Each structure stands twice: as C-alpha cells, then as structure tokens.
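Colleague: Take a look at the following structure, please.
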Amino acid sequence: MIDVALRDTPLNLDECARFVSHPSCGGLCFFVGNIRDLNLGQTVTHLEFDAYDPMAIREMRKIAGAARERFDLYAVALHHRKGDLAIGDAAVIVAVSSVHRAPAFAGCEFVIDELKKTVPIWKKEFREDGSHWLNARP
Amino acid sequence: MIDVALRDTPLNLDECARFVSHPSCGGLCFFVGNIRDLNLGQTVTHLEFDAYDPMAIREMRKIAGAARERFDLYAVALHHRKGDLAIGDAAVIVAVSSVHRAPAFAGCEFVIDELKKTVPIWKKEFREDGSHWLNARP
Amino acid sequence: MKITCFGIAREIAGGPSLDLPGVEGATVADLKHRLIAAYPALGELISFAVARNEVYARDEEVIAVGDELVIIPPVSGG
Amino acid sequence: MKITCFGIAREIAGGPSLDLPGVEGATVADLKHRLIAAYPALGELISFAVARNEVYARDEEVIAVGDELVIIPPVSGG
C-alpha cells in the first residue's frame, strides 16, 4: 500500500502512522524533515518550496514502490509540503511499516535519500542577507 | 534532552514528536514497535509485559544518554508500555532529533537495538495453543 | 516550443516558461545545448535535467510535437 | 535473603520473590550457582543475570547486607 501527497497545508504524522499500521507489522519507522533555523551557519527566516506537481507525485510513487519491493515493506506513506514554510514546519514525512524492524529503518532511509535525489521539488531559502535556491550553483 | 517513560496506558507518537522537535533540528526519526498478530507462524491473541520498573527506567535513561553522545542527537524520547497489550498496540516508541538525518536514523536504531538487549522488560505471549515468556528458553 | 521552468530556472528564464523555436525532432542533448546557448546562466548551474512528459528524459531521446518539456534544475526537496 | 523475580523467574520461583539464606558475603557468581542448585529450571534458561541495587551485577561483586537483588531472565522488551 502506498500513499503519496504533496500539499500546501501542514503535514500530519498521525495520519501517516494510521496509514502504515497493520496487525501484521511489528515495526514502523518514520522520518520527519523539519525546517531548521540555521543552514551553513546562516540564520534562516523561512523557506519557499516550488514543485512540478504531477512529476513530483509520479517520482514519489516510484520511490515508494521501489522501497516496498526492495525492503519487503507492507506500506509506505510519503507526504511532502509545498508553498511557504516557517522554521520548525515539517517539509516531508516518510512512514513505512514492516514485519520486522531492520527493513523498516532501511526502507525509510532509502525513501528519504532517493526523494532528495530525484523528486522535482525545489527549496528557496530566505536568510537575513538575501535568498537563494538551494543546491543550484556550485 | 531525554524523556523516558514506562506506562500502562497507550503511548502517544505526537507527544514524543513534540518533545524532540527543536528549531535547530532538521531530522526527526521515530520507531514504533507494535504487537503483531503472528509470531513464528502462530496466531497471537494478546501479550502481557512485566517490568522491573526502577531498573528499566535507569537502563532506558542510560541508552538514551549513550545515543545522544554517540550520535550527537539533540533529544531522545523513549516510551515503553507495560501490562496487557492487544494486537496493534504500540509497545515502544523511540523518537530522536538531530541537525541532520543520517545520525537521526543511526541513533534511533541504536536505541531500539540496545533496549532489546538490556532493559529489564519481559513479554509473555498468549497464543491459541498456550502462553510463554519470549526469548527465555533455548 | 514552450518549455516550463521551475526553481532557479524560472528566475533565469524570467518567467514560468520560455519559448525555443524548432525543437521538434531534436534530441534532448541538442535541446540542452540550445538552452545553454540561449540562457548561459543555465550552464552555470551544478547540472540540469529535462523532463519529457513527466519523466526524466535521456540525452538520446527525440522530442516530438506535443511533448511536455520541463527544465529540472538540481532538486532540493525533503 | 529476599531475591525478587520477574518474568519466567517468577513462575520458576512460584511467586514474586524467593528466599535464599546466607547470601551476604557471597559473590554474584556464587549466588547464581546456588540459585540454579535450588531452582534447577533457572539453569534451563538461555541465561539469566542478577541485578544488584538496580544495576546489572558482575560475577565478582560481593553481596552486602541490604542489597536489593533481582533475578533478570533474558529480556524481551520492545
């Protein structure tokens, strides 16, 4: 089972937990990526997320499906935020469930690592000294 | 920051998330250990958890402290249930926060692995064909 | 042909899309070269990819009439 | 001396604690041998540890008057 979302409203950890829970699963692993107040030593005021929605959702589904197969997961929920985010807001939640705990950890980490490589979502960071798109320039 | 609990009431993921969240932390990782309906192919009806409370809490604090130091975590919440549990109930929640995600995953997995080795809590499994304490006999 | 832009590519193009003539029949590799020629700042990025119909396009793919083309600068989600 | 029992040890002892005389001054290793002699089923477990004052006790530690002793069968939390 796979649940993918890309929303401009706050993400909900319990919603993801309910989706992945199942009587056959002993291990649930979650990753929550929050907006930090500092990046590379600079104070961040807020962030703006841009997304190519239909392709982002496709790529998120691909990653969730690959994780399910590779780690024998029961369910994967992958929710990403877009729009304007404040410090402390959750930008992404990954939730996975599995019979045992080791594949749950490995599968959850795989999903967030892959998301950061391929999903067409872009972060613009606003700092006191200006703003810039992250990872864009050398 | 460390928050350890051993309770006979349901555990709460959001409570753990609130405890570990901090503006400096970009990565939160959670593990939830739920009661499964099957163990070694046998249908489980419910479980009973026995705990040596004061020592269990001491050991949980030790593990949380070791994880914080070893993985440079900001906060660790470690909540364990005791008493009678039904299928699907959460027996344990581990929540950790860190500036970056890799130590959050590693620290969270360390905590649950160590808990299963040293914390004086015991599970009695009730199945259709009888009951027994897990891990006790060869 | 209209090419949609996101993130820093939108700032480089000066809007949510740009128009490049005669792209139909070209390969994705050709398209990238022509994009860099028209918008040199794209060449200053760490990298950029092209999505064709919502999927990452390989350099050797040939662009057809009606394709949805999107410039994908280095992603930074999560 | 009263020794508290948890999990399967409680079933082996037939209650929440057992009483073993003359344990003061003995080492933890001695105590374990005497426990197995008195309750052979303890020797059939995968292993068991002894906690002294809420901490795992090493075999060479000497038991003192007033110590809180607890039999710790293999743990299975989580």
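The values are calculated or read from the model by the stated rules, or taken from the named source; none is laboratory data. This structure is a prediction, so every number in the text was calculated from the model and none was measured. Here the Cβ positions follow ideal geometry from the backbone for every residue, glycine too, while neighbour counts run over all protein chains shown.
Colleague: Any residue in segment C:7-15 that is of a type in the set (V, I, T) and more than 10 Å from chain A (Cβ to nearest Cβ)? Don't jump to the end; show me each part of the working.
Modeller: Here is the first cut: in segment C:7-15, the residues of a type in the set (V, I, T) are C:8, C:12.
The next check asks that each one be more than 10 Å from chain A (Cβ to nearest Cβ); those that pass are none.
No - not one qualifying residue is present in segment C:7-15.
Colleague: Another question, if that's okay. Only one of A:V111, A:V119, A:V92, A:V99 is more than 12 Å from the chain's Cα centre (by Cα) and either within 19 Å of A:A75 (Cβ to Cβ) or within 7 Å of another protein chain (Cβ to nearest Cβ) (or both). Can you tell me which? Spell out how you get there, then give the answer.
Modeller: Numbers: A:V111 fails: more than 12 Å from the chain's Cα centre (by Cα); A:V119 fails: more than 12 Å from the chain's Cα centre (by Cα); A:V92 fails: more than 12 Å from the chain's Cα centre (by Cα).
A:V99 is the lone residue from the list that is more than 12 Å from the chain's Cα centre (by Cα) and either within 19 Å of A:A75 (Cβ to Cβ) or within 7 Å of another protein chain (Cβ to nearest Cβ) (or both).
Colleague: Evaluate segment A:68-75: report whether one residue or more is modelled with pLDDT of 95 or more, assigned to a strand (DSSP E or B) and under 23 Å from B:R18 (Cα atoms).
Modeller: The answer is no; no qualifying residue exists.
Colleague: Let me ask something additional. Please verify whether segment D:31-39 includes one or more residues that are of a type in the set (V, I, T), free of Cβ contacts under 8 Å to residues at least 40 places away in the same chain and within 28 Å of B:M60 (Cβ to Cβ).
Modeller: No, segment D:31-39 contains no residue that is of a type in the set (V, I, T), free of Cβ contacts under 8 Å to residues at least 40 places away in the same chain and within 28 Å of B:M60 (Cβ to Cβ).
Colleague: Continuing with the same structure: Could you list, in sequence order, the residues of segment A:101-125 that are in a helix (DSSP H, G or I) and farther than 30 Å from B:L115 by Cβ? Show your work before the answer.
Modeller: The initial filter retains those residues of segment A:101-125 that are in a helix (DSSP H, G or I), namely A:101-118.
Correct list: A:K117, A:T118.
Colleague: Mind checking whether some residue in segment C:21-40 is buried (at least 18 other Cβ atoms within 10 Å of the Cβ), part of a strand (DSSP E or B) and of a type in the set (A, V, I, L, M, F, W, C)? Steps first, please.
Modeller: First pass over segment C:21-40, keeping only residues buried (at least 18 other Cβ atoms within 10 Å of the Cβ): C:23, C:28, C:31-32, C:35, C:39.
Okay, now just the ones that are also part of a strand (DSSP E or B), so none.
So far as segment C:21-40 goes, no, none of its residues is buried (at least 18 other Cβ atoms within 10 Å of the Cβ), part of a strand (DSSP E or B) and of a type in the set (A, V, I, L, M, F, W, C).
Colleague: Would you point out the residue of segment A:122-138, among those that are among the acidic types (D, E) and farther than 13 Å from C:G77 by Cα, that is farthest from the other protein chains (Cβ to nearest Cβ)?
Modeller: Of all residues in segment A:122-138, those among the acidic types (D, E) come to A:125, A:128-129.
Those still in the list that are farther than 13 Å from C:G77 by Cα too: A:128-129.
Numbers: A:E128: 15, A:D129: 18 Å.
Ranking the candidates gives A:D129 first.
Colleague: Something else: Name the residue that is farthest from A:E114 (Cα to Cα), counting only residues in segment A:10-26 that are facing chain B (nearest Cβ under 7 Å) and in contact (Cβ under 8 Å) with a residue 24 or more places away in the chain. Break it down into steps so the answer makes sense when it comes.
Modeller: Initially, segment A:10-26 is screened for residues facing chain B (nearest Cβ under 7 Å), giving A:13-14, A:17, A:21, A:23-26.
Applying the additional criterion that residues be in contact (Cβ under 8 Å) with a residue 24 or more places away in the chain yields A:13, A:17, A:21, A:24-26.
Working: A:L13: 20, A:A17: 21, A:S21: 23, A:S24: 26, A:C25: 24, A:G26: 24 Å.
Per the criteria, the residue is A:S24.
Colleague: Also, I was wondering about something else. Can you pull out every residue in segment A:45-54 that is assigned to a helix (DSSP H, G or I) and over 15 Å from the mean Cα position of the chain (by Cα)? Please lay out each step first, then the result.
Modeller: Narrowing segment A:45-54 to residues assigned to a helix (DSSP H, G or I): A:53-54.
The one that is assigned to a helix (DSSP H, G or I) and over 15 Å from the mean Cα position of the chain (by Cα): A:P54.
Colleague: Name every residue in segment A:1-36 that is surrounded by fewer than 17 Cβ atoms within 10 Å (Cβ to Cβ) and not in a strand (DSSP E or B), in order of residue number.
Modeller: A:M1, A:D8, A:T9, A:P10, A:N12, A:D14, A:E15, A:R18, A:P23, A:S24, listed by residue number.
Colleague: Pull up segment C:41-60, narrow it to residues that are at the interface with chain A (Cβ under 7 Å from one of its Cβ atoms) and charged (D, E, K, R), then point me to the one that is surrounded by the most Cβ atoms within 10 Å (Cβ to Cβ). Write out each step before concluding.
Modeller: Going residue by residue through segment C:41-60, those that are at the interface with chain A (Cβ under 7 Å from one of its Cβ atoms) are C:44-46, C:51, C:54.
Retained after the next criterion (residues that are charged (D, E, K, R)): C:44, C:54.
On the way: C:E44: 13, C:E54: 16.
Applying the filter and picking the extreme gives C:E54.
Colleague: Just a yes or no: is a residue in segment D:5-15 at pLDDT 95 or above, part of a strand (DSSP E or B) and in contact with a strand residue (DSSP E or B) (Cβ under 9 Å, 6 or more places away or on another chain)?
Modeller: Yes: one or more hits.
Colleague: Is it the case that segment B:61-72 has a residue that's touching a Lys or Arg at 6+ places or on another chain (Cβ under 7 Å) and of a type in the set (G, A, S)? So that I can check it myself, show each step before the final result.
Modeller: Taking segment B:61-72 as the starting set, the residues that turn out to be touching a Lys or Arg at 6+ places or on another chain (Cβ under 7 Å) are none.
No, because not a single residue in segment B:61-72 is touching a Lys or Arg at 6+ places or on another chain (Cβ under 7 Å) and of a type in the set (G, A, S).
Colleague: Mind checking whether some residue in segment A:65-86 is without any contact (Cβ under 8 Å) to a residue 12 or more places away in the chain and under 21 Å from C:V75 (Cα atoms)?
Modeller: Our first condition is that a residue be without any contact (Cβ under 8 Å) to a residue 12 or more places away in the chain; within segment A:65-86, this holds for A:69.
Checking the rest, the ones that are also under 21 Å from C:V75 (Cα atoms) come to none.
Checked against the condition, which is being without any contact (Cβ under 8 Å) to a residue 12 or more places away in the chain and under 21 Å from C:V75 (Cα atoms), segment A:65-86 yields no hits at all.
Colleague: If you take the residues in segment B:27-84 that are more than 23 Å from A:C108 (Cα to Cα) and of a type in the set (F, W, Y), which one is nearest to the other protein chains (Cβ to nearest Cβ)?
Modeller: B:Y52
Colleague: Just checking, how many residues over segment A:87-100 are part of a strand (DSSP E or B) and modelled with pLDDT under 95? Don't jump to the end; show me each part of the working.
Modeller: We begin by selecting, within segment A:87-100, every residue part of a strand (DSSP E or B); these are A:90-98.
If we keep only those that are modelled with pLDDT under 95 too, we end up with none.
So the count comes out to 0.
Colleague: Against the definition (under 21 Å from B:I35 (Cβ atoms) and crowded, with 16+ Cβ neighbours inside 10 Å), how does A:L78 come out, yes or no? Give the steps one after another, and end with the answer.
Modeller: Working: under 21 Å from B:I35 (Cβ atoms): no; crowded, with 16+ Cβ neighbours inside 10 Å: yes.
Considered against the rule, which asks whether it is under 21 Å from B:I35 (Cβ atoms) and crowded, with 16+ Cβ neighbours inside 10 Å, A:L78 comes out as no.
Colleague: Only one residue in D:I3, D:I63 is surrounded by 13 or more Cβ atoms within 10 Å (Cβ to Cβ) and more than 14 Å from chain B (Cβ to nearest Cβ), so which one is that?
Modeller: Values: D:I3 fails: more than 14 Å from chain B (Cβ to nearest Cβ).
Going through D:I3, D:I63 in turn, the sole match is D:I63.
Colleague: Kindly list the number of the only condition in (1) farther than 23 Å from B:I63 by Cβ; (2) within 14 Å of chain B (Cβ to nearest Cβ); (3) among the β-branched types (V, I, T) that fails for D:V75.
Modeller: (1)
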